[in-house]
Amino acid sequence: MLVVQQAAAAGAKAKASTLQGAGDTWHKHSTQLSSLVSRIVSHLKSQGLFDQFRRDCLADVDTKPAYQNLRQRVDNFVSNHLATHTWSPHLNKNQLRNNIRQQVLNLLSLFPFKSYK
């Protein structure tokens, strides 16, 4: 909790210096704030809270019909795309992966997404 209070105080100082137009002071506080944010993130990670937050968010997204539909479309597209390639030891997997990624992004840009709540 002390880390969060320190972040709030540093944020208030940085905001005040910005309003005063002090460029050098802003840079100093910006650097301090960046350092403090890094410390907060490290603290959250060390306590396992960051991973827990990520798991909770993903668990929520996984239950949404829009996500399930999107995942099924992408899985089918990737499976069909890979079925057209013959594996060999000389196959450039990174190039193939990037090609699939670009094609999936192009395909998804054609479909409007509905918001399911």
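Here are the numbers for the structure shown:
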{"item": "Members of region 27-49 found to be part of a helix (DSSP H, G or I) and small (Gly, Ala, Ser), listed by number", "result": "Ser30, Ser34, Ser35, Ser38, Ser42, Ser46"}
{"item": "Of the criteria (1) on the phi > 0 side of the Ramachandran plot; (2) modelled with pLDDT under 85, which one Gly48 fails", "result": "(2)"}
{"item": "Within region 30-81, tally of residues that are of a type in the set (Gly, Ala, Ser) and surrounded by 14 or more Cβ atoms within 10 Å (Cβ to Cβ)", "result": "1"}
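The values are calculated or read from the model by the stated rules, or taken from the named source; none is laboratory data. Being a predicted model, the structure only gives us computed values, none of them experimental. Heads up, the Cβs are rebuilt from the backbone with ideal geometry, glycines too, and the neighbour counts pull from every protein chain shown.
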